[in-house]
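What follows draws every value from the coordinates through simple rules; no lab data is involved. Since this is a predicted model, take the numbers as computed values, not measurements. Heads up, the Cβs are rebuilt from the backbone with ideal geometry, glycines too, and the neighbour counts pull from every protein chain shown.
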Amino acid sequence: MTYTIEDLEAAKAELELYEKRWENYDGNNPDKYRASIAECQAKVAIILADLKASGAIPLTDHEQLEKTLDRLHPDAQSKEIVEYEGLRYQRRFSPVSKSLSGKTVKAWNKSWHPVY
């Protein structure tokens with residue numbers, strides 16, 4: 001599906017609405033709105049990724065670098081160091097989302113960090 005900037009703005013507005021509801025909630029349920037907030041965060045991330053992939057939103061310099069490094073080193077392991085244009089970069093992984101208990105990671109974020 002092709003998304004527009006308006007879709008992104010609507011998704012961000014919906015996320016903000018649920019976050020405000022959660023902030024103003026004074027009940028006894030600590031998980032109130034948690035599923036809705038997680039769903040909205042995922043929707044924003046999907047729309048943003050689609051817009052960047054289609055070129056509607058330009059990639060930052062760092063995102064372009066990460067895309068290039070991912071293409072050159074698709075099987076890089078955690079903490080693996082590679083060299084690109086005379087600089088060294090380390091592959092890192094961080095949790096994007098966890099289970100309710102916090103013990104199980106549901107999704108991981110891949111990134112490249114410069115090594116000095």
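Normalise the Cα radius of gyration of the chain by 2.2 N^0.38 Å (N = residues in it) and let me know the number.
Scaled against compact globular proteins, the figure is 1.33.
Using the structure shown, select from 20/106; 12/43; 12/110 the pairs with a Cα to Cα distance greater than 19 angstrom.
Correct reply: 20/106; 12/110.
Counting each DSSP H run of 4 or more residues in the chain as -39500 (n - 2.57), what helix-only mean residue ellipticity at 222 nm follows after dividing by all residues, to the nearest 500 deg cm²/dmol?
Estimated from H runs of four or more residues: -15500 deg cm²/dmol.
Have a look at the range 59-116 and give its Rg and Dmax from the Cα atoms, expressed in angstrom.
13.2, 43
Compare 98, 67, 52 in a GNM of the chain, Cα atoms joined below 10 Å, and give the one with the largest fluctuation.
Residue with maximal mean-square fluctuation among 98, 67, 52: 98.
Suppose each label sits 7 Å from its Cα in the direction of the beta carbon; what would the residue 36-residue 61 distance come out to in nanometres?
4.2 nm
Put a dot 7 Å past each Cα toward the Cβ at residue 46 and residue 9; how far apart are the dots in nm?
With each label point 7 Å from Cα toward Cβ, the separation is 2.2 nm.
How many angstrom lie between the C-alpha centres of the range 82-97 and the range 31-55?
Cα centres, the range 82-97 to the range 31-55: 24 Å.
Radius of gyration and Dmax for the range 1-58's Cα atoms, expressed in Å?
Rg and Dmax of the range 1-58, Cα atoms, are 13.6, 44 Å.
How do 89, 3, 25 rank when sorted from fewest to most other Cβ atoms within 10 Å of their own Cβ?
Working: 89 21, 3 18, 25 12.
Ordered from fewest to most neighbouring Cβ atoms within 10 Å, 89, 3, 25 come out as 25, 3, 89.
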